[in-house]
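Participant: Have a look at this one.
Each value in this text was obtained by applying a stated rule to the coordinates, not by laboratory testing. Bear in mind the structure is a predicted one, so any value in this text is a computation, not a measurement. Cβ: placed from backbone, ideal geometry, glycine included. Neighbour counts: every protein chain shown.
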């Protein structure tokens, strides 16, 4: 069975951890471990957690993101959550984690949003 969490490194040294599906008790440790491993193995200047395809997050998932944030910042890497759905963004807003992590839309979504305009 393929994992719902993958990590990659770009040519500029950015580490990206991509999550598909739910982030909950079943895979929260895997998420935190992938972020820690990316930081330890690659020493990136930035860690991006791409949640474009994440459908749900519970408190254990939030804890995994916080653990990843701590690992990144202790290594002096920036940490950002990328492309959250409206519901995912709402959870981060309500918990106050939006300001801690920082949020960004994926570049391709920003371009399409600008192209469709008002």
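Participant: Given a cut-off of under 8 Å on Cα pairs at least six residues apart, what relative contact order in percent is computed for region 5-113? Each step should come with its number before you reach the end.
Facilitator: Details: 185 pairs, mean separation 27.6, N = 109.
Relative contact order of region 5-113: 25 percent.
Participant: Once every DSSP H run of n ≥ 4 in the chain is given -39500 (n - 2.57) and the sum is divided by its residues, what mean residue ellipticity at 222 nm do you get, rounded to the nearest 500 deg cm²/dmol?
Facilitator: -14500 deg cm²/dmol
Participant: Using only alpha carbon positions, build the gyration tensor of the chain, then give the equivalent ellipsoid semi-axes as the square roots of 5 times its eigenvalues, largest first, whole angstrom.
Facilitator: On the way: eigenvalues 89, 62, 40 Å².
Output for the chain: semi-axes of 21, 18, 14 Å.
Participant: Which residues in region 5-49 place their backbone N less than 19 Å from a point set 7 Å from the Cα of residue 66 along the Cα-to-Cβ direction?
Facilitator: 23-36, 49
Participant: Now, a different point. Could you give P(r) for region 16-60, binned at 10 Å from zero, as whole percent values over all Cα-Cα pairs?
Facilitator: Spelled out bin by bin, region 16-60 gives 28, 53, 19 percent.
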